[in-house]
C-alpha cells in the first residue's frame, strides 16, 4: 500500500475549515465512494486492546431518523444531514466477546488461536473480570469517543461536514433503535453531510485558548 501523507498546511487548513455544523443542506448527499471511505475510517479507529467494544449505527432512512428528532431536543440535524451515525457502546464484555476477537486476530494474522492463550488471559483479567470489566460501558464509551474524533477528522480531510451530537436522550435512542436487546447503548452521535449556505456558524472564527495555555512542553 502506497503511503502519501497530507501536507501540514492541508491538515491545518481542513481542521480550520471544520466546524460543528448547525444547519445542513438537506438536498446534498455524500457520495457512495466518500461514505465508503469514511466507514473504513471508523473501522480503522484505534481502541484499547483493539477490542472495538462498540458498533456504529448508520441511519439513512428518513422515517427512522425523524423519530430521533424529538429525542434530540428538537434539533434537526438528524433529518437534515446526509448520514447520521449513532455510536453505541457495548454494555458488558464476556468471554464470548474475547473469543470472537481472538478468532478474528487468528484469521487476519494467520496465527493459531492457541498461540493467543496468554493474550486471552490478559483480556479476561482486565476487560471481563478486572478493572475495565467493572466499568465496561464507561470504558466502551471512551473508545466510542476516540472513534468520533477519528471520524470527524477524516471527514474534514475529504470535505465532509460533521456535527457531534450529545444533545439527545440516550434511553429514547436506545428504545427507538432497539440497542439494549443487542447489548449496546447510545453514547454519542454525529451528523455528516454538507453545510447549508446560510448557516451563520460557518463563518464564525474558532474560539480556542492559545497554545501557551493548552500545551505543556517539558
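The values are calculated or read from the model by the stated rules, or taken from the named source; none is laboratory data. All values derive from a computational prediction rather than experimental measurement. Glycine gets a Cβ as well: all are built from the backbone with ideal geometry, and neighbour counts include every protein chain shown.
Picking from residues in the stretch 61-73 that are touching a strand residue (DSSP E or B) at 6+ places or on another chain (Cβ under 8 Å) and touching a residue at least 60 places away in the same chain (Cβ under 8 Å), the one that is surrounded by the fewest Cβ atoms within 10 Å (Cβ to Cβ) is 72. Identify, from the list 58, 108, 79, 86, the residue that is at negative phi, free of Cβ contacts under 8 Å to residues at least 40 places away in the same chain and surrounded by 13 or more Cβ atoms within 10 Å (Cβ to Cβ). Only one candidate qualifies: 58. Contact map, the stretch 164-175: residues that are touching a residue at least 12 places away in the same chain (Cβ under 8 Å) paired with residues that are assigned to a helix (DSSP H, G or I) and loosely packed, with under 15 Cβ neighbours inside 10 Å, Cβ distance under 8 Å, separation 6+ or inter-chain. Pairs shown: 172/70; 174/180.
Scanning the stretch 56-67 for residues that are more than 17 Å from residue 184 (Cα to Cα), within 19 Å of the chain's Cα centre (by Cα) and not in a loop (DSSP other than H, G, I, E, B) yields a single hit, 65. Here no helices (runs of 4 or more DSSP H) wholly within the stretch 115-195 include at least 2 residues being touching a helix residue (DSSP H, G or I) at 6+ places or on another chain (Cβ under 8 Å), buried (at least 16 other Cβ atoms within 10 Å of the Cβ) and at pLDDT below 95. Of everything listed in (1) under 23 Å from residue 171 (Cα atoms); (2) assigned to a helix (DSSP H, G or I), the single unmet condition for residue 108 is (1).
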